[in-house]
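Working notes for the structure below.
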Number of protein chains: 2
Amino acid sequence: MNVKSSVKSDIEIAQQATMKPIVEIADKLGLTDDDFELYGKYKAKLSSSAIKKLQENKSGKVILVTAINPTPAGEGKSTVTVGLADAFQQLGKKVMVAMREPSLGPTMGIKGGATGGGYSQVLPMEDINLHFTGDLHAITTANNALAALIDNHLQQGNALNIDQRRIVWKRALDLNDRALRKVIVGLGGPIQGVPREDGFDITVASEIMAVLCLATDLQNLKLRLSRMVVAYNVDKQPVTVGDLGVEGALTLLLKEAVKPNLVQTLEHTPALIHGGPFANIAHGCNSVIATTAASKLADYVITEAGFGADLGAEKFLHIKSRSAGFKPEAVVIVATIRALKMHGGVPKTELVNENVEALKVGFANLKKHVETIQSFGLPFVVAINKFISDTDLEVQALFELCEKENIPVALSEVWEKGGKGGIDLAEKVLKQIESNELTYAPLYDVSDSIEVKIRTIVQKVYGGKDVEFSSKARKQLKDFEGFGWGNLPVCMAKSQYSLSDDPSKLGRPTDFVVTVRELKPSIGAGFIVALTGDVMTMPGLPKAPAALKMDVDENGNAVGLF
Amino acid sequence: MNVKSSVKSDIEIAQQATMKPIVEIADKLGLTDDDFELYGKYKAKLSSSAIKKLQENKSGKVILVTAINPTPAGEGKSTVTVGLADAFQQLGKKVMVAMREPSLGPTMGIKGGATGGGYSQVLPMEDINLHFTGDLHAITTANNALAALIDNHLQQGNALNIDQRRIVWKRALDLNDRALRKVIVGLGGPIQGVPREDGFDITVASEIMAVLCLATDLQNLKLRLSRMVVAYNVDKQPVTVGDLGVEGALTLLLKEAVKPNLVQTLEHTPALIHGGPFANIAHGCNSVIATTAASKLADYVITEAGFGADLGAEKFLHIKSRSAGFKPEAVVIVATIRALKMHGGVPKTELVNENVEALKVGFANLKKHVETIQSFGLPFVVAINKFISDTDLEVQALFELCEKENIPVALSEVWEKGGKGGIDLAEKVLKQIESNELTYAPLYDVSDSIEVKIRTIVQKVYGGKDVEFSSKARKQLKDFEGFGWGNLPVCMAKSQYSLSDDPSKLGRPTDFVVTVRELKPSIGAGFIVALTGDVMTMPGLPKAPAALKMDVDENGNAVGLF
């Protein structure tokens, strides 16, 4: 992410690191042998009995790391999350990281992982970025087992009268594969099934991923799975997994995947890495089970949510926290000088050049996210994720802008220095937590109508003027309220690049209207997705995929992974 | 398999068993902590360094368990394999099991696993039958990553001039899903890819599964992957994974899957369970790496091969042994009285009734398999896998038939009694090994033409009169020899129910002609598949799939799995 040719690559740093056996990390957390199952020497899954036992512990403080609207390379939230936790540890605090697990699709496609970077990484990075403990594979399998059971139901007499044109459950693979976006299945004659239109999503876009991440335990997972809508029948009424009677089988396939994965940072800070739903079609946060478990094991949990505060933080607060019943105690808003210059009108190719004026203009984007977090009543600190190309003048200007607005700000040098580079940030976060009274409140009530909830988000979080609904979405608003889904929170699917639904509107756009073209029920996850613009649920591979450079050396170590 | 309502189910026996920690099992094998990685307390993967180290050990004796042409429920090869190993252990022999790992497709579809049954099972059976250590998921992922890379190659300019109508690489899922047999992908316009016909196989039918099972180490795996033919170009020349330059990425995805999995039987006999290729489109044996490792860790390895001796044993001997460079020392031919009565003309619904006459007629099927194993120059014992419904008269009649023909025979009661029920069989196998000089020789030379190799198998193994080739297959014979593939062994895809290619011809058919309708190159695996009859590479689900009864209890244990 932060490019400098003379420094080591992420994989070099990771492979040269000495990890502690995960049993040592677990032992330090007070876990016994029965509380976890080993997956090799450096990964473990917490057992369900441990999770149950932990419920009696008091809860630590949850700190959410979010960001401004990012550049395509991201603002470095994962890196700051890991480094901030390491800084807390250096300050003698009992701290844990709770993060999402990566998807193989982007790993094989475009160089870049979700395990942090530089000297702020979680380990073993090769394993975590490849198959890890198999959670995503279990979700893929459950997703596709359900699809096979639906098509088999059609083939074997269709007792539920499913309208084959209205099957909304799609198949999934944890890969970038554009050729599977739109397919026809069931060809070849009556023995091979019922022909129909279908498509594949990437696994992280599967509702099962969102369900796993919002479930509070295995029985709650089963309940949520049973509620998932897979199709509509010929009377246009929803058909659920429960109607098919296969929630038990899906739960069985997920019984290990629902257990959070314990690993460590480069500085041996314990980390739970678990679940990774898309931040557009879903809520973009690691699992409730992991964040809750971390809060029971440590005094501070550093966690993150996908994309900028308009998407990730809004969903963390309105969907995840609400569903899990916890409140964050502070928010870190990550910004880079590069991204602020982009918001100030600088083209991507010129972001390496000093440009204080553009930075000042682009600052408006950061300011809006600050105001949003303030509107939730949450203390916060802005973290400037330092890049090699940032100049002293730029850093100084940004600090002055923040100070003028009374915005608490700290430089994060965790990529270059590990936890040491995050001490100032950590101290400022601790100060915010201690000196502020928590007045946290969500911006909407779940009892508001779906339309009101969406308008509230558009106006209060995005700073837009209003929201428009396509005729399809209008009809769905009515249908969904009729199906009894009106009291669910809303999950916005919107471009991450802009506060608006138009990715070209950078900075802090005003007076814009967001168009909702379609709604999608995620009744198992427990939210209604509002789709704006084009939402990509199955990415494609680039001209020269990262896969072309991947290999193993003669000792079986990964080559070219990052 | 052996049904009796008053006895415990397989899963009850498995869940009530007390396993030893796998570290204890490993320790007894002389393995140190660095020789394996734990996957929970009862599963481990042997490390590549351990595999390398073991090469210096002397090799134990490999004993192959095969069968007559089975009923649809199977003859109980896995059960006999496990029980025979437990009997060897009871006799004080240093022994290991080497078996295939199960596929989730059949598990979700039709009740029945691949971990043995009754008191002859490998454990932990729930884990092994579900995701195990993720090997099949890694293969699915590699298979589909390759497919995505091929479609991306088309989309990004098609530099290799791949003929989109001649892409032979199919996608794969480890599920039974008939609706995916024939699909059209790439629909939706120029942004979504190039539309073309495609299909999905079950993962165990992926060439990558066969490659993993025949590879001798990670570098050999990579070499084999690079040779796999994925398509033909516009000049009708083969296009390989090596041409696409992605063998390194595929190897990286498989670097853990290539390591064999250590588990234990109910009686704590060590077992390596690794790889499970289809026995029709592929060779149906567990991995070469596992069988070789087992032979270096123990004095005796009990292993099995899919379907009857006409398929599994023939392929074990001509493909696996040849590729791995080992020779089996003895063969166990499993037969059930039920199946022999079926071969004697009894309808499936009446197999529970005593019928000595039918048994005598059906014996001809067993006799042919005995002659085949004799023609390879291998000592053998027939194992009668005892069912509750077998009568004393039937058992006595079968023993008399064998004795009249000088066929060594033993009753296997391992399903009911564990290793104790296999002592007689074990002693007879040991006697055969000790008293016979090994005169093993394959029935054909790899340097024979493809046509001659196929004719040899049809005549010598199936007892058929001749082989016919469709005009397509004739053309392929010529093309394949032209591509330099003529010197590879042949992998026959044929009905497992008959010695012929017609599943209705039971017993010992004669004078039949086998029709080869198509050839398929599996150049990575290192064989040419000859397809006869209908070969199912993606099964379907039944009207009431096993999934409907699956669940988890409040403690997270599997319910309704078997």
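Structure above, values below:
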| quantity | calculated |
| --- | --- |
| Members of segment B:176-199 found to be of a type in the set (S, T, N, Q) and either buried (at least 23 other Cβ atoms within 10 Å of the Cβ) or more than 7 Å from chain A (Cβ to nearest Cβ) (or both), listed by number | B:ASN176 |
| Test result for A:VAL239, farther than 30 Å from A:PRO542 by Cβ, within 8 Å of chain B (Cβ to nearest Cβ) and more than 27 Å from the chain's Cα centre (by Cα) | no |
| Residue among A:LYS505, A:LYS543, A:LYS465 that is within 14 Å of chain B (Cβ to nearest Cβ) and not hydrophobic (A, V, I, L, M, F, W, C) | A:LYS543 |
| B:VAL529 away from chain A (no Cβ under 14 Å), touching a residue at least 12 places away in the same chain (Cβ under 8 Å) and either acidic (Asp, Glu) or out of contact with any Ser or Thr (no Cβ under 7 Å at 6 or more places or on another chain) (or both) | no |
| Spans of helices (runs of 4 or more DSSP H) in segment B:29-125 with at least 3 residues within 14 Å of chain A (Cβ to nearest Cβ) and on the phi > 0 side of the Ramachandran plot | none |
| Selection status of B:HIS131, assigned to a loop (DSSP other than H, G, I, E, B), within 14 Å of chain A (Cβ to nearest Cβ) and either in contact (Cβ under 8 Å) with a residue 12 or more places away in the chain or of a type outside the set (A, V, I, L, M) (or both) | yes |
| From B:ASP553, B:ASP479, B:ASP502, B:ASP511, residue being surrounded by fewer than 17 Cβ atoms within 10 Å (Cβ to Cβ) and within 30 Å of B:LYS368 (Cβ to Cβ) | B:ASP511 |
| Among (1) of a type in the set (A, V, I, L, M); (2) more than 8 Å from chain A (Cβ to nearest Cβ); (3) crowded, with 24+ Cβ neighbours inside 10 Å - the single one B:ILE162 does not satisfy | (3) |
| Checklist (1) surrounded by 18 or more Cβ atoms within 10 Å (Cβ to Cβ); (2) in a helix (DSSP H, G or I) applied to A:LYS420, failing item | (1) |
| Flag for A:LEU173 being within 27 Å of the chain's Cα centre (by Cα), within 9 Å of chain B (Cβ to nearest Cβ) and modelled with pLDDT under 95 | no |
| Condition broken by B:LYS460, with the remaining ones in (1) surrounded by fewer than 16 Cβ atoms within 10 Å (Cβ to Cβ); (2) among the charged types (D, E, K, R); (3) closer than 30 Å to B:ILE319 by Cα satisfied | (1) |
| Residues within segment B:477-493 that are more than 18 Å from B:TYR444 (Cα to Cα) and either in a loop (DSSP other than H, G, I, E, B) or among the hydroxyl-bearing types (Ser, Thr, Tyr) (or both), tallied | 2 |
| Set A:LYS255, A:LYS296: member being within 14 Å of chain B (Cβ to nearest Cβ) and at negative phi | A:LYS255 |
| Selection count where residues are modelled with pLDDT of 95 or more and among the charged types (D, E, K, R), scope segment B:1-36 | 5 |
| Segment B:181-199 residues that are touching a residue at least 60 places away in the same chain (Cβ under 8 Å), paired with ones that are surrounded by 19 or more Cβ atoms within 10 Å (Cβ to Cβ) and not in a loop (DSSP other than H, G, I, E, B) (beta carbon under 8 Å, 6 or more apart) | B:ARG181/A:GLN192; B:ARG181/B:PHE200; B:GLY199/B:ARG171; B:GLY199/B:LEU180; B:GLY199/B:VAL183 |
| Test result for A:LEU146, buried (at least 24 other Cβ atoms within 10 Å of the Cβ), under 18 Å from A:GLU207 (Cα atoms) and either small (Gly, Ala, Ser) or in contact (Cβ under 8 Å) with a residue 60 or more places away in the chain (or both) | yes |
| Residue in segment B:147-163 that is among the polar types (S, T, N, Q) and on the phi > 0 side of the Ramachandran plot present | yes |
| Matching option when the condition is aliphatic (A, V, I, L, M), in a loop (DSSP other than H, G, I, E, B) and farther than 30 Å from A:ASP10 by Cα, among A:ALA142, A:ALA148, A:ALA159 | A:ALA159 |
| All positions within segment B:169-215 that are more than 20 Å from A:ILE139 (Cα to Cα) and aromatic (Phe, Trp, Tyr) | B:TRP169 |
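The values are calculated or read from the model by the stated rules, or taken from the named source; none is laboratory data. What you see is a predicted model; the values in this text were computed from it and never measured. Here the Cβ is made from the backbone with ideal geometry for all residues, glycine too, and neighbour counts use every protein chain on show.
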